[in-house]
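The values are calculated or read from the model by the stated rules, or taken from the named source; none is laboratory data. Only a predicted model underlies this, so the values are computations on that prediction, with no experimental measurement involved. Glycine also receives a Cβ, built like all others from the backbone with ideal geometry; neighbour counts cover every protein chain displayed. The protein model used for the area step is the full one, side chains on, heavy atoms only, and it has no ligands, DNA or RNA in it. Shrake-Rupley method; radii C 1.70, N 1.55, O 1.52, S 1.80 Å.
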Amino acid sequence: MERWRRDLTILWVCGFVLQMGFSLIMPFLPLYLEDLGVHGPGVGMWSGVIYSSNFIVMAIVAPIWGAMSDRVGRKPMMLRSAFGMGAVVWLMGIATSPWQLLIFRMLQGLTAGFMPATTAYMASAAPREKSGYALGLLATGNVTGAILGPLAGGALAKVMGYRPIFFMTTASCLIAGLGVLFLIREQYTPQIPQKGDGGFRQDLKLIRVYPVAGAMIIVLFMNMFSMLTAEPIISLYLQSLKAPAQWLELLSGLVFSMTGLATLLVSPVVGRLSDSIGSKRLLVGCLSGAAVMYIVQGFATATWQMVFMRFGLGIFTGGLMPAANGLIARNTPRQVHGRIFGLTTAAIALGNTAGPLVGGAISSTWGLRAVFPVTGLLLILDIFLVQRSVRESAAVPT
């Protein structure tokens, strides 16, 4: 087996184990807050603050870790993230107050960065003509973990309670870290920083030098933003479609999981297509399809329609990340991949934070249905940005 394929397999497994571990926690986070003494309306407020705090910190520090990975290598950043997050999640499991949980969740954002480090590693390790396939397949490990984790977490919480699951997540971080430590053999020549090199201002200069990176940062922000605008209102929307009250929670979970399931199925295929027909063409097609699927959701009249529409949405949104990452990998030098993928991680984290907030604001102002066409129109604007800013070009020198 070729070296890059072996590493891809190892990092897929590590990403799956890590993401599944973190996804175990999410279904019962509000209930865990009740165990910490938060009751009534305060549970929703604390849950929202604790959920978003991780992504806010991640958005701030991701470019810093990306720059560090260009200087010291991708493997040290993977190890820092895996072992650091393991320690923080263990602390979350012994928290005794919501304030402690909030602080530990912010520390989790500080230690994050495993996925961008693996992305930068594979973007450099895989042949450029195979980069779309490699990055698309790599993403499925995280998606698979994110789909299976909440299901397993909800079941385990009923059997063993909440706190032991945090320790299981710590174990998943340790497994991923040890896998990287003993199985990934990176051959990396550290970059010698030049005078004035480094810092967020210098990272932004990369966007001017490589405008495709700037366009993809916006695309990835919009992808995550659009995926989460509907998150606060899906159950309410299904309720307005006369979904049976006794099945509302199950149907809401089903509607959400359809998008992730479709993403899991199409990401490797899309990666291969981006290598053969070109990432820009594929990106425009995915954005167009996603915009249409968002708009039609606003006209749904039954729950079963939402199930199929969300699956169709996942087919298109599942292609956005591998296509965008493939464009970056082929059009930027490998020695700056860490910094650029650090910026994309910051954009994704901001999308995680802004999406639910904007979706909730739209629904409270114009109604539940308005969330879907407004999101679709924003993606249409994104298409024009891609058409103007992105040129499919030959690979730049490494």
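Where the accessible area of segment 230-353 is counted over protein heavy atoms with a 1.4 Å probe, how much of it, in %, is carbon and sulfur? Walk me through the intermediate numbers first.
Values: 3210 of 4490 Å².
Here carbon and sulfur together make up 72 percent of the probe-accessible area.
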Subject >> Solvent-accessible heavy-atom area per residue, rounded to whole Å², over segment 280-398 at 1.4 Å >> reply: 39 Å²
Subject >> DSSP H segments from the chain that extend 24 Å or more along their own axis, Cα-based, with Kyte-Doolittle mean of -0.5 or above >> reply: 3-23, 42-72, 74-93, 131-160, 163-183, 211-229, 248-277, 279-297, 303-331, 337-366, 371-389
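Would you tally the net charge around Leu8, using a Cβ to Cβ cut-off of less than 11 Å, leaving Leu8 out, and scoring K and R as +1, D and E as -1? Don't skip to the answer; put the middle values down first.
Details: positive: Arg3, Arg5, Arg6, Lys130; negative: Glu2, Asp7.
Cβ neighbours under 11 Å give a net charge of +2.
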Original post:
For Pro211, what is the net charge nearby, where nearby means another residue's Cβ is under 10 Å from its Cβ and Lys, Arg count +1, Asp, Glu -1?
Top reply: +3
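What relative contact order, as a whole-number percentage, does segment 285-398 give when Cα pairs under 8 Å and 6 or more residues apart are counted? The partial results should precede the final answer.
Values: 84 pairs, mean separation 56.0, N = 114.
Here the relative contact order equals 49 percent.
Normalising by the residue count of segment 80-186, find the relative contact order in percent from Cα pairs under 8 Å and 6+ residues apart.
Working: 67 pairs, mean separation 47.7, N = 107.
That works out to 45 percent.
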Original post:
Put a dot 7 Å past each Cα toward the Cβ at Phe299 and Leu31; how far apart are the dots in nm?
Top reply: 4.0 nm
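Using only DSSP helix segments of four residues or longer, with each worth -39500 (n - 2.57), what per-residue ellipticity at 222 nm results for the chain after dividing by its residue count and rounding to 500?
-27500 deg cm²/dmol, from helical runs alone.
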**OP:** Whenever you get a sec, compute what percent of the accessible area on segment 1-66 sits on carbon and sulfur atoms (1.4 Å probe).
**Re:** 71 percent
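Over segment 1-56, give the accessible area per residue in Å² for a 1.4 Å probe, as an integer.
Averaged over the residues of segment 1-56, the accessible area is 45 Å².
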Subject >> For segment 2-64 and segment 319-395, distance of Cα centres in Å >> reply: 20 Å
Subject >> Spin-label pair Ser288/Leu385, simplified geometry with 7 Å Cα→Cβ offset, distance in nm >> reply: 2.0 nm
Subject >> Whole-Å distance, taken between Cα centres, linking segment 249-278 and segment 289-309 >> reply: 16 Å
Subject >> Per residue solvent-accessible surface (Å²) - segment 66-117, probe of 1.4 Å >> reply: 34 Å²
**OP:** Kindly identify segment 35-170 as rounded, prolate or oblate by the Cα gyration tensor criterion: order the square roots of the eigenvalues as a ≥ b ≥ c, call it rounded if a/c is under 1.5, otherwise compare a/b with b/c, prolate if a/b is larger, else oblate.
**Re:** prolate
Original post:
Rounded if a/c is under 1.5, else prolate if a/b beats b/c, else oblate: with a ≥ b ≥ c from the C-alpha gyration tensor eigenvalues square-rooted, which is segment 328-398?
Top reply: oblate
**OP:** Pick out, from Pro127, Gly338, Ala324, the residue whose Cα sits farthest towards the positive end of the charge dipole of the chain, with +1 on the Cβ of Lys and Arg and -1 on the Cβ of Asp and Glu.
**Re:** Pro127
Original post:
Going by the alpha-carbon gyration tensor, a ≥ b ≥ c the square roots of its eigenvalues, is the chain rounded (a/c under 1.5) or, if a/c is not under 1.5, prolate (a/b greater than b/c) versus oblate?
Top reply: oblate
